[in-house]
Amino acid sequence: MSDSSDQVAEPYVMNGGEGAFSYAKNSYFQKATTSDLKAMVDTVIADHLEITDVSDPIRVADLGCSVGPNTFQAMQNVVEAVQSKLSKSNPGIMPGFQVFFCDHTSNDFNTLFMSLPPERPYYAAGVPGSFYGRLFPDSSLHFVYSSYALQWLSEVPEGLVNKGRVHCTNAGDNVCKAYATRYRTDMSTFLMCRAKEMAVGGVMVLMMPAKPDGVPLGKIPICVMYELLGLSLMDMAKEGKVTEAQVDSFNLPLYITSPSEIMQLVETNAGFEIVNMELLNTLSRYGGQIRGREIVMHLRAGLEGLISVHFGSGIIDELFDRLARKTEGSGSLVDMTYSKGNLMFLVLKRK
Ligand SMILES: C[S@@+](CC[C@H](N)C(=O)[O-])C[C@H]1O[C@@H](n2cnc3c(N)ncnc32)[C@H](O)[C@@H]1O
């Protein structure tokens, strides 16, 4: 298979296991989103999913599932919503369900498999590999779900000169362009692969961090955190704990998209129509306040592996401690940032 996912690099995974710094223990923002958006996902399935052959199993994929428990909640919701739809349209006939839990091969699939809910209404399978490549046979999937995963680029944009920063937030034009180019190439590949893998009438629900058009990254809470992470590393460089060259050559492969960018990508890559695209304000439940230590634990669960590979694991405790203090000390900076519309809820239907 020429477009197989084996050819895609995959160094970024969340902290595995169930320890204090694990993703399983530090992903409750994502968990809250899964429950908040259940009703929206139910409506999408009821109104837009088309299943023509109920003699076949229904195949559902969660792309970027990590280690749970959020993926189990999400997949249970999806399967129940499809069952409810089919029990009305085809009374007396209920196909079997297969759920594919997909993530990088280095994801902690052992923890995922060991914590699978014993009473689940589907057959479970793990699919290792990058979603920026092919993962499934042609026309085999009915429903694709992805939550908080598509902000990860396939790799850091090439040839970046990004002095004293670790992201494109507040960076120069060349750096911003390099990030945008990488993102557009990745998302085009993602859409192309899914267009081949999904059956006509199938639906994708994609949730990813995003920003309203025209709002600079420097006003987005998560991007402020990336900026503070860069500043913490630079403080450590001044004390000789890391080198400036190490900081300059480290960049986060994370991207925050916007509605106009997504609209253009979907229009250019035939295969899907946009059924719904909304920006939701998931931070409103926190009253616009970002609590320093909590958000830092979330960042650590996601970024520790990546930072350790570049700087060594010896700096991790101190770095995140400094970041927590900086975040608390920058309360007004973080609180002033634009907290509206930070999560995109995107529904695409296979034409
Ligand atoms: C923040 S976690 C989200 C987990 C879960 N969906 C949730 O909502 O809690 C992002 C996951 O996406 C995975 N991921 C990132 N890029 C990926 C790629 N190219 N292919 C497959 N998985 C990827 C990461 O390994 C990680 O497990």
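Has the stretch 112-129 got at least one residue that is within 16 Å of the ligand (Cβ to nearest atom) and closer than 30 Å to Asp248 by Cα? Scanning the stretch 112-129 turns up at least one residue that is within 16 Å of the ligand (Cβ to nearest atom) and closer than 30 Å to Asp248 by Cα.
A quick yes/no check of all residues on (1) touching a strand residue (DSSP E or B) at 6+ places or on another chain (Cβ under 9 Å); (2) in a helix (DSSP H, G or I):
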| residue | (1), (2) |
| --- | --- |
| Asn170 | no, no |
| Lys177 | no, yes |
| Thr185 | no, yes |
| Met208 | yes, no |
| Gly218 | no, yes |
| Met225 | no, yes |
| Leu228 | no, yes |
| Ser232 | no, yes |
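All told, Val296 meets the bar of being under 20 Å from the mean Cα position of the chain (by Cα) and under 25 Å from Asp36 (Cα atoms). Scanning the stretch 189-206 for residues that are closer than 15 Å to Val266 by Cβ and open to solvent by 30 Å² or more (accessible area, probe 1.4 Å) returns Thr189, Met192. Would you call Met114 in contact with a Leu (Cβ under 8 Å, 6 or more places away or on another chain) and over 17 Å from Leu346 (Cα atoms)? So Met114 fails the test. On the basis of being within 9 Å of the ligand (Cβ to nearest atom), at pLDDT 95 or above and part of a strand (DSSP E or B), does Tyr145 make the cut? Yes: the conditions hold for Tyr145.
Among Val156, Val166, which is out of contact with any Ser or Thr (no Cβ under 8 Å at 6 or more places or on another chain), part of a loop (DSSP other than H, G, I, E, B), in contact (Cβ under 8 Å) with a residue 24 or more places away in the chain and open to solvent by less than 20 Å² (accessible area, probe 1.4 Å)?
Val166
If I filter the stretch 208-229 for residues that are of a type in the set (A, V, I, L, M, F, W, C) and touching a Cys at 6+ places or on another chain (Cβ under 7 Å), do I get at least one hit? Yes, some residue in the stretch 208-229 is of a type in the set (A, V, I, L, M, F, W, C) and touching a Cys at 6+ places or on another chain (Cβ under 7 Å). Look at Gly201 and say whether it is outside any strand (DSSP E or B) and over 14 Å from Ile315 (Cβ atoms). Taking the combined requirement at face value, the residue does not satisfy it.
Out of Glu318, Glu267, Glu239, which single residue is closer than 29 Å to Val347 by Cα and open to solvent by 10 Å² or more (accessible area, probe 1.4 Å)? Write out each step before concluding.
Details: Glu318 fails: closer than 29 Å to Val347 by Cα; Glu239 fails: closer than 29 Å to Val347 by Cα.
Exactly one of Glu318, Glu267, Glu239 is closer than 29 Å to Val347 by Cα and open to solvent by 10 Å² or more (accessible area, probe 1.4 Å), namely Glu267.
Checking the stretch 246-262 against the condition returns no match, with no residue being open to solvent by 70 Å² or more (accessible area, probe 1.4 Å), of a type outside the set (Val, Ile, Thr) and more than 18 Å from Ile316 (Cα to Cα).
Taking the criterion of being away from the ligand (no atom under 14 Å from the Cβ) and modelled with pLDDT of 95 or more, would at least one residue in the stretch 18-35 satisfy it? Within the stretch 18-35 (the criterion being away from the ligand (no atom under 14 Å from the Cβ) and modelled with pLDDT of 95 or more), the answer is no, since none of the residues qualifies. Residues that are modelled with pLDDT of 95 or more and either touching a Phe, Trp or Tyr at 6+ places or on another chain (Cβ under 7 Å) or open to solvent by 30 Å² or more (accessible area, probe 1.4 Å) (or both) within the stretch 214-230 are absent altogether.
Checked against the criteria, Pro209 counts as under 29 Å from Leu323 (Cα atoms), buried (at least 19 other Cβ atoms within 10 Å of the Cβ) and out of contact with any Pro (no Cβ under 7 Å at 6 or more places or on another chain). May I ask you to list the residues in the stretch 301-320 that are within 16 Å of the ligand (Cβ to nearest atom) and either in contact with a Ser or Thr (Cβ under 9 Å, 6 or more places away or on another chain) or of a type in the set (Ser, Thr, Tyr) (or both)? Those that are within 16 Å of the ligand (Cβ to nearest atom) and either in contact with a Ser or Thr (Cβ under 9 Å, 6 or more places away or on another chain) or of a type in the set (Ser, Thr, Tyr) (or both): Ala301, Gly302, Glu304, Gly305, Ile307, Ser308. Among the residues of the stretch 98-123, those identified as of a type outside the set (Phe, Trp, Tyr), part of a strand (DSSP E or B) and open to solvent by less than 40 Å² (accessible area, probe 1.4 Å) are Val99, Cys102, Asp103. Look at the stretch 54-65: where a residue is within 14 Å of Phe143 (Cα to Cα) and a partner is within 11 Å of the ligand (Cβ to nearest atom) and polar (S, T, N, Q), sitting 6+ places away or on another chain with Cβ atoms under 8 Å, you get Asp62/Thr71; Asp62/Ser146; Asp62/Ser147; Leu63/Ser146.
Here's a check for you: in the stretch 95-109, which residue that is more than 14 Å from the ligand (Cβ to nearest atom) and either touching a strand residue (DSSP E or B) at 6+ places or on another chain (Cβ under 6 Å) or modelled with pLDDT under 95 (or both) is nearest to Arg194 (Cα to Cα)? Across the stretch 95-109, the extreme among qualifying residues is Gln98.
Taking the listed residues Val67, Val79, Val60, the one that is surrounded by 17 or more Cβ atoms within 10 Å (Cβ to Cβ), under 18 Å from the mean Cα position of the chain (by Cα) and outside any loop (DSSP other than H, G, I, E, B) is Val60, with no other qualifying.
The values are calculated or read from the model by the stated rules, or taken from the named source; none is laboratory data. Note that the coordinates shown come from a computational prediction; the quantities given were computed from them, not determined experimentally. So basically every Cβ, Gly included, is an ideal-geometry build from the backbone, and we count neighbours across all protein chains shown. For the accessible areas, the whole protein counts, side chains as well, though only heavy atoms, and no ligand, DNA or RNA atoms are used. Shrake-Rupley method; radii C 1.70, N 1.55, O 1.52, S 1.80 Å.
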